[in-house]
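Structure first, then comments.
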Amino acid sequence: MNILIRSSSGITQVPVETKLLSERRIFIEGEITANTAMEFVKQLLYLNIESEETITVFINSPGGEINSGLLMYDAIVGSKAPVRTICMGKAYSMGAVLFTCAKERFMLPNSELMLHQPLLGGRVSGNASSIRSISDSLLETKRKLNKLIAIHTGKTEKEIDEATGFDHYYSPDEAVDFHLADKIICFSEMEELI
């Protein structure tokens, strides 16, 4: 979608994403992949170079690749500029981890978070040693993610392990109660924040 921007040199047509980026707003939408992670990190890096004013990240994601999500996580928690997240729609799996790691975390009234254990995609094949190695790696990833969520919620790793033992869906009220989110806001309040 393009919008028109009026300036002293006339009217220019620019993508809406460009306008929103200039206002320190970034979107995580759709599946988290290596490509979406790199685009996100580039945008966050650019905004950090520009200034240390707060950056707002809007999330509507079913989750995705763990390694790509962890790159995004590192960028968010390492950002000099404070990062706030707003869940619009859904933040599932790795999307929920990214939502939870921000300095301020807001949810729209009908949005939803979902946490679960890491999943193994595709068909697993190989000898017993290979399968054992894959299993050990998956368990280590589970521990790492549980630890990160525990850091940002103030919960114990055991509490997080219990919460991620199955696909656990959180309404906004439940997310606030579990310290995954800070506040529920309506759309007009969201506009005031940014």
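The values are calculated or read from the model by the stated rules, or taken from the named source; none is laboratory data. Note that the coordinates shown come from a computational prediction; the quantities given were computed from them, not determined experimentally. Glycine also receives a Cβ, built like all others from the backbone with ideal geometry; neighbour counts cover every protein chain displayed. What goes into the accessible areas is simple: the full protein's heavy atoms, side chains included, and nothing from ligands, DNA or RNA. Shrake-Rupley method; radii C 1.70, N 1.55, O 1.52, S 1.80 Å.
Does segment 179-190 contain any residue that is under 14 Å from MET94 (Cα atoms) and among the hydrophobic types (A, V, I, L, M, F, W, C)?
Yes, segment 179-190 contains at least one residue that is under 14 Å from MET94 (Cα atoms) and among the hydrophobic types (A, V, I, L, M, F, W, C).
Being surrounded by 20 or more Cβ atoms within 10 Å (Cβ to Cβ), hydrophobic (A, V, I, L, M, F, W, C) and either touching a helix residue (DSSP H, G or I) at 6+ places or on another chain (Cβ under 8 Å) or free of Cβ contacts under 8 Å to residues at least 24 places away in the same chain (or both) is the requirement here; does MET94 meet it? Criteria met by MET94.
Between SER93, SER68, the distinction of being on the phi > 0 side of the Ramachandran plot and within 13 Å of the chain's Cα centre (by Cα) belongs to SER93 only.
Any residue at all in segment 102-116 that's polar (S, T, N, Q), within 13 Å of the chain's Cα centre (by Cα), open to solvent by less than 50 Å² (accessible area, probe 1.4 Å) and modelled with pLDDT of 75 or more? Outline the logic, then answer.
At the first step, the residues of segment 102-116 found to be polar (S, T, N, Q) are 110-111.
Now narrow it down to the ones that are within 13 Å of the chain's Cα centre (by Cα): none.
For segment 102-116, residues polar (S, T, N, Q), within 13 Å of the chain's Cα centre (by Cα), open to solvent by less than 50 Å² (accessible area, probe 1.4 Å) and modelled with pLDDT of 75 or more: absent.
For segment 25-62, filtered to residues that are touching a residue at least 40 places away in the same chain (Cβ under 8 Å) and not polar (S, T, N, Q), the residue that is surrounded by the most Cβ atoms within 10 Å (Cβ to Cβ) is ILE32. Screening LYS90 on (1) modelled with pLDDT of 95 or more; (2) out of contact with any strand residue (DSSP E or B) (no Cβ under 6 Å at 6 or more places or on another chain) shows it passes everything except condition (2). Would you confirm whether or not segment 142-151 contains a residue that is modelled with pLDDT of 95 or more and open to solvent by 40 Å² or more (accessible area, probe 1.4 Å)? Checking segment 142-151: at least one residue is modelled with pLDDT of 95 or more and open to solvent by 40 Å² or more (accessible area, probe 1.4 Å).
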